[in-house]
Amino acid sequence: HTTFLKDAKKAGDLLFVGLEPDESAKQNKGSSRPLNPIEERLQLMADLQSVDYVFAFEDVGGYGANASEFYKRRLTTLQPNKLALAIGDALFDIRKENALKLGIQPALARGVWRSYSTTKLLENISK
């Protein structure tokens, strides 16, 4: 994630990072998630040099059939000039399409390396 955040920072003046609330992580990734509560994740993100502002989203959702409307609602509320998109993100097309519809310039950033994902790490541990 740090590589993605560094690339995202280069794409604009300020980097705002929104984190999913704990309930959303549970809903989207399973009952054992997140590994760290939102307060700890916010502090960790705030400590990164490339991040200017970090906040927790208050709404829950974002995956499945309602992903497009959910994401569009967030972008409408935030009104960024640019949106960093991770190459290889499963929701890349939805996010790019919504950004363009709202007049937000997509900025491509190197994707998150799937071999280092928490989900894959947990799967390997449980084997």
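The values are calculated or read from the model by the stated rules, or taken from the named source; none is laboratory data. All values reported here derive from a predicted model rather than from experimental measurement. No Cβ is skipped: glycine too gets one built from the backbone with ideal geometry, and neighbour counts run over all protein chains shown. Note: areas computed on protein heavy atoms with side chains; ligands, DNA, RNA excluded. Shrake-Rupley method; radii C 1.70, N 1.55, O 1.52, S 1.80 Å.
Compute the relative contact order of the chain as a whole-number percentage, counting only Cα pairs closer than 8 Å that sit 6 or more residues apart in sequence.
Contact order relative to length: 27 percent.
For the chain, with every protein chain kept in place, what is the accessible area per residue (1.4 Å probe, Å²)?
Ligands and nucleic acids excluded, the result is 68 Å² per residue.
Return the loop-located GluC sites (Glu not before Pro) in region 1-104 (DSSP other than H, G, I, E, B) with at most 16 other Cβ atoms within 10 Å of their own Cβ; answer none if there are none.
Glu58
In terms of the Cα gyration tensor, with a ≥ b ≥ c the square roots of its eigenvalues, is region 27-110 rounded because a/c is under 1.5, prolate because a/b exceeds b/c, or oblate?
oblate
Taking the dipole about the Cα centre of the chain, with the C-beta of Lys and Arg at +1 and of Asp and Glu at -1, give me whichever of Gln79, Ser32, Ser126 is farthest to the positive side.
The Cα lying farthest towards the positive end belongs to Ser126.
Going 7 Å from the Cα of Ile125 toward and past its Cβ, which residues in region 16-57 have a backbone nitrogen under 14 Å from where you end up?
Under cut-off, by backbone N: 31-37.
Can you give the charge dipole size of the chain about its Cα centre, rounded to the nearest 20 debye, using +1 on the beta carbon of Lys and Arg and -1 on the beta carbon of Asp and Glu?
460 debye
Taking 0.36 nm per residue of sequence separation and subtracting the Cα-Cα distance, how much length would be gained by fully extending the chain between Ile94 and Glu39, in nm to one decimal?
16.9 nm
So if R0 is 22 Å, what FRET efficiency would Lys10 and Thr76 give, r being the distance between their Cβ atoms, rounded to the nearest 0.05?
Computed FRET efficiency for Lys10 and Thr76 comes out at 0.30.
On the accessible surface of the chain, probed at 1.4 Å, how many percent belong to carbon and sulfur atoms?
Carbon and sulfur together cover 53 percent of it.
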